[in-house]
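Since the structure comes first, as structure tokens, the remarks are kept for the end.
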Amino acid sequence: MKSSLLLPLLLLCSWFAHAQEIKPVSEIFKIMEASRIGYQLDINDEKKYPQPERVRLFNTTYTITDAEGRVEIFTFQPGPEVDSLFNRAEALFQEKRFAQARDLYQQIYELDSTFTKVLPYIAQTYGIQGDLRRAKEFYALALVKNPTDYFAHWMLADIFRMSGQPDEALRQLVFAHLFNRNHLGIQEDLRKTLEARKIILPEWQFEPQMEMAQTGAQSVQLVASTAWLPYAIAKAVWDYEPGYQEAYGASENDFSVLGAAEALGALLDGNRENKKFLKTPMMKTLQASLDDKQLLGFIVYEMLLPQYPAAAKRLDTKQFYAAAEYLLQVRCTGKTISFESLLPE
């Protein structure tokens, strides 16, 4: 059994159409001053601004592609029979009775082929028993059925690593990481794999020091640190100013690259003289992404996927590769590598 899931859309088209129209923070502030919305601005550099618990923002959705190439994203809700079999299979796996667990996983897949989660579990039993060829076959089958299966990508990376294919192993780890951005185990595996290549993945996170709330039909309250106030102003105008985001083809239910880019532009513009803030790892990386023309990758990797990890399943190839290239070339330090160089010829 499955239930459909609606995810925020990434409005890349608006980014390309209006990238040259991103306003400086001074112009955005004038829009705020002239607005019929009452914006209340407060600066608080001592406040601890709440941040989402990323480990709880986890991608547990499934993706299937029908015969006509349409992608469907859903959450799986197993029926009683499948649920019972799965629990028995998991118990057998924990008891290290891998062949018996595999039989039940295969029985589950025969009962409901939309429950593709069991395919990498079948592969895992083969891998544990040393049959890397069969393990690789089932991981590959899992990715044919569900190309965004982060677990299959993650485990397949191990198979390639053991088979002496380090580039393919790293590529699969990048896939797994982007398809489940907040998964700590994958992050640690990726970090160690990169360190073996003398590449460092810094541990900072994009955490705006601000709070924003609509306090009435015509009133919005902003509280932010001094450095983050320009970002908060741009974000408030984008989110609450009547007709503003609609003029760029966006809507309130979408994650807009242009809205994110405008807020980031305000953050840089408003802190030109704040040398200490500009030297923080996040700001240095933001500036580097602009210099390398990889701002899209910054937005997808640092802003979209941590907040909406399942949105990775909605990314097209250009957007996904932008995030991967940003990760390896800009976010990482030391001896960087191009994601494109990891792709098979």
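A residue that is over 15 Å from F29 (Cβ atoms) and under 25 Å from the mean Cα position of the chain (by Cα) can be found somewhere in the stretch 220-241. Residues in the stretch 186-204 that are in a helix (DSSP H, G or I) and either open to solvent by 30 Å² or more (accessible area, probe 1.4 Å) or touching a residue at least 60 places away in the same chain (Cβ under 8 Å) (or both): Q187, E188, D189, K192, L194, E195. Just one of (1) open to solvent by less than 60 Å² (accessible area, probe 1.4 Å); (2) touching a Leu at 6+ places or on another chain (Cβ under 7 Å) fails for D167. It is (1). Going by the conditions given, is E241 surrounded by 14 or more Cβ atoms within 10 Å (Cβ to Cβ), among the acidic types (D, E) and touching a Pro at 6+ places or on another chain (Cβ under 8 Å)? Considered against the rule, which asks whether it is surrounded by 14 or more Cβ atoms within 10 Å (Cβ to Cβ), among the acidic types (D, E) and touching a Pro at 6+ places or on another chain (Cβ under 8 Å), E241 comes out as no.
E46 satisfies every condition listed in (1) at pLDDT below 75; (2) out of contact with any Leu (no Cβ under 7 Å at 6 or more places or on another chain); (3) loosely packed, with under 13 Cβ neighbours inside 10 Å except (1).
Of the residues F151, F115, which single one is farther than 18 Å from R171 by Cα, free of Cβ contacts under 8 Å to residues at least 60 places away in the same chain and open to solvent by less than 60 Å² (accessible area, probe 1.4 Å)? Checking each option against the conditions leaves just F115. Within the stretch 123-138, which residues are part of a helix (DSSP H, G or I) and open to solvent by 10 Å² or more (accessible area, probe 1.4 Å)? If the condition is that a residue be part of a helix (DSSP H, G or I) and open to solvent by 10 Å² or more (accessible area, probe 1.4 Å), then Q124, Y126, G127, I128, L132, R133, R134, K136, E137, F138 are the ones that fit.
With the structure loaded, tell me whether P120 is in contact with an Asp or Glu (Cβ under 8 Å, 6 or more places away or on another chain) and open to solvent by less than 40 Å² (accessible area, probe 1.4 Å) or whether it fails that test.
Spelling it out, P120 is indeed in contact with an Asp or Glu (Cβ under 8 Å, 6 or more places away or on another chain) and open to solvent by less than 40 Å² (accessible area, probe 1.4 Å).
The values are calculated or read from the model by the stated rules, or taken from the named source; none is laboratory data. Since the structure is predicted, the reported quantities are computational estimates derived from the model, not experimental observations. Note that each Cβ is placed from the backbone with ideal geometry, even for glycine, and that neighbours are counted across all protein chains shown. Accessible surface is based on the protein model in full, side chains and every heavy atom, while ligands, DNA and RNA are left aside. Shrake-Rupley method; radii C 1.70, N 1.55, O 1.52, S 1.80 Å.
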